[in-house]
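Worksheet: the structure to be examined is printed underneath.
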Amino acid sequence: MSKRQLSLNFFIYPDGHHEAAWRHQASTTSRILDVTYYQELAQRAEAYKFDAVFFADGPALADNVRYAQRFRLEPITLLTAIASATKRIGLIATASTTYTEPYNLARLFASLDHISGGRAGWNIVTTSTPQATQNFGLPEHPPHHERYERAREYLDVITRLWDSWEDDALVNDPVSGIFADTNKIHTIDHIGMHFRVRGPLNVSRPPQGRPVYVQAGSSDDGRAFAARFAEAIFTAHQTLASAQAFYADIKRQARAFDRSPDQIKILPGISPFMASTQVEADRLQEEFNALIQPEFSRTQLRQMTGLDLAGFDLDGPFPRHLIDTSAAHGVASRFKLVVDIIDREKPTIRQLVQRLAGARDRRPAGKDRRQHPDLVREWSG
């Protein structure tokens, strides 16, 4: 029997995943635009045997930037700088199939893969944020299913662009005077519903052939997309039963797409509070929670649930009966996750705010660890 290998991915937010982390006295707020800060984090992750570093991204400014560090450096540019300071660790950047074009993105990832010696990964997203629409001149944010239709065509186009140079097309022979074998460089001549792309790419085939494909959607469309294309899936679950059901569903769908389930890594998220003892870790979590700003939290909950909680008592019960479960929500999987927490735990508004503050949709590993040890010993495979 082969020995299973745990995969570790370091999800970097500018100043921590907890919404109030930037206010904590130990925070490094002054370095959020300092590239050496991220290089140092990646170097430490590499030294501790992490497999990859990961950066989220989105093509619109977050509504809640007044109260939290929620702006981001462009991840492919940042990872290129990190590549020069590391040797082995994977470099995963988020990029949208809705608000980028395949040719430009193919060049960016091919460049990152060349510069890093074959360490690039692409977290494929369709962008759920409606605010992005006005930044790209579109009349409206495309509906969920249409975004995934575009994403499937996008992947076909971008993969063919990376394949437009055969492995040995780059000759680079000064003696013969032949730089490239043009018989091994091909147009793709794609004409589809969303794209018309001639090709070929203007840079040779990346060392990996293409980046590692990563995905994080948990909707029906997102799961099917991940089972068909992804090699790693970043996910979040609040109960062991839910996590096991997700795992089984992805593996089942992978078989339906004639893929080996072993080709897909499932990467559950946790957001730990770390200290020398449990008491110290609990105290640290309490310090972070004490810095939460109610206005920020209400904005977060409104975005997640569609419910405006202005005027509600933070220490009163969450008004579950006011949530419209029939309406469409931007991030459907996150909406369901939050509603499930409300139904299962019956929290006050403040308790829910604190529950979500440290991880939003990932299980915090602190006090909850004693109650849910299996969720901290999450699987990967």
So Phe234 ticks every box in (1) assigned to a helix (DSSP H, G or I); (2) modelled with pLDDT under 95 but one. Which box is left unticked? (1)
Would you pick out the residues in region 256-279 that are loosely packed, with under 12 Cβ neighbours inside 10 Å and assigned to a helix (DSSP H, G or I)? Ala256, Asp262, Gln263, Val279
Here is a list of conditions, (1) under 23 Å from Arg150 (Cβ atoms); (2) surrounded by 20 or more Cβ atoms within 10 Å (Cβ to Cβ); (3) of a type outside the set (Val, Ile, Thr); (4) not assigned by TED's automatic domain parsing to the domain that holds Gly118, and Gln253 meets all of them except one; can you say which number that is? (2)
Listed by first then second residue, the pairs whose first member lies in region 89-113 and is under 14 Å from Trp162 (Cβ atoms) and at pLDDT 95 or above, whose partner is assigned to a helix (DSSP H, G or I) and not aliphatic (A, V, I, L, M), with beta carbons under 7 Å and at least 6 positions apart or on separate chains, are Pro102/Tyr154; Ala106/Trp162; Ala110/Trp162; Leu112/Thr80
Out of (1) within 15 Å of Asp340 (Cβ to Cβ); (2) at pLDDT 95 or above, the odd one out for Thr239 is which? (2)
I'm checking my understanding of the structure. Among residues of region 287-327 that are exposed (fewer than 14 other Cβ atoms within 10 Å of the Cβ) and touching a Gly at 6+ places or on another chain (Cβ under 9 Å), which one is modelled with the lowest pLDDT? Ala327
So which of Asp220, Asp249, Asp262, Asp181 is acidic (Asp, Glu) and in contact with a Lys or Arg (Cβ under 8 Å, 6 or more places away or on another chain)? Asp249
State which residue pairs qualify: first residue under 23 Å from His24 (Cα atoms) and inside region 262-286, second residue of a type in the set (S, T, N, Q) in any location, beta carbons under 9 Å apart, and separation of 6 or more residues or different chains. Gly269/Asn9; Gly269/Thr235; Phe273/Gln285; Gln285/Gln354
In region 157-195, how many are under 22 Å from Trp122 (Cβ atoms), of a type in the set (D, E, K, R) and surrounded by fewer than 14 Cβ atoms within 10 Å (Cβ to Cβ)? 1
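The values are calculated or read from the model by the stated rules, or taken from the named source; none is laboratory data. What you see is a predicted model; the values in this text were computed from it and never measured. Because the Cβ atoms are built from the backbone with ideal geometry, glycine has one as well, and the counts that use them run over all protein chains shown.
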